[in-house]
Structures are given as structure tokens and as C-alpha cells.
Amino acid sequence: MDRDDRAGRPGGDHPPERPDHPEPLVSAQDVEDADDILFAHPPRVITRWLCGCGEDYPCPDVRFARLVRAVHATDNGVDDSR
């Protein structure tokens, strides 16, 4: 059944769209859901440490150096880890 065949007029049960009042892009439920999402996901400040090389601290080089120092300290029986 074609949409124009129902009820004998074009568009069926829907009134013709007026050019000065287009259909809304979102529903009232969409707006309510968006408000809930924005309330539940506020922005927050995050502090990051950056290494001298520009990567996140500790960078892979620093992790390796710490590992070497930790192994060296346990081999010598001295705890000089920093």
C-alpha cells in the first residue's frame, strides 16, 4: 500500500510540513537524555608528568634505568633505589 493511498490524501495522517516551522531534529526525550549525560560526565582537571624527552613520565628509558638500578642494588645488597 502506497502512502498516498491511505485516507485518500497525500501524506496519510501527517499534516503537510510548513516551510516556516520544519520538524524538530531532536525530541524532548533526546534533550532530557543529553542533559543527563552532560550532568554525569563533567570535565575534570588532569595533571600529567612529562619526561624531559617529552613523553609521559616515566618514559621507557626511565623505566629501564630504574630496573637496572634495582637489579644492581639487589646484587650488591644495597638499596639505593630512588
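Taken together, the values in this text are just the output of simple stated rules run on the coordinates, not laboratory data. Computed from a predicted structure; not experimentally measured. Please note: Cβ atoms are built from the backbone with ideal geometry, for glycine as well, and neighbour counts cover all protein chains shown.
What are the pairs, 6+ residues apart or on separate chains, where a residue within the stretch 62-77 that is touching a residue at least 24 places away in the same chain (Cβ under 8 Å) and among the hydroxyl-bearing types (S, T, Y) has its Cβ under 9 Å from a residue that is part of a helix (DSSP H, G or I) and surrounded by fewer than 12 Cβ atoms within 10 Å (Cβ to Cβ)?
Once the first residue is touching a residue at least 24 places away in the same chain (Cβ under 8 Å) and among the hydroxyl-bearing types (S, T, Y) and sits in the stretch 62-77, no partner that is part of a helix (DSSP H, G or I) and surrounded by fewer than 12 Cβ atoms within 10 Å (Cβ to Cβ) comes close enough.
Residue-by-condition table, conditions (1) in contact with a helix residue (DSSP H, G or I) (Cβ under 6 Å, 6 or more places away or on another chain); (2) in a helix (DSSP H, G or I); (3) of a type in the set (A, V, I, L, M):
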{"position": "D35", "(1), (2), (3)": "no, yes, no"}
{"position": "L38", "(1), (2), (3)": "no, yes, yes"}
{"position": "P43", "(1), (2), (3)": "no, no, no"}
{"position": "R48", "(1), (2), (3)": "no, no, no"}
{"position": "C53", "(1), (2), (3)": "no, no, no"}
{"position": "D61", "(1), (2), (3)": "no, yes, no"}
{"position": "A65", "(1), (2), (3)": "no, yes, yes"}
{"position": "R69", "(1), (2), (3)": "no, yes, no"}
{"position": "H72", "(1), (2), (3)": "no, yes, no"}
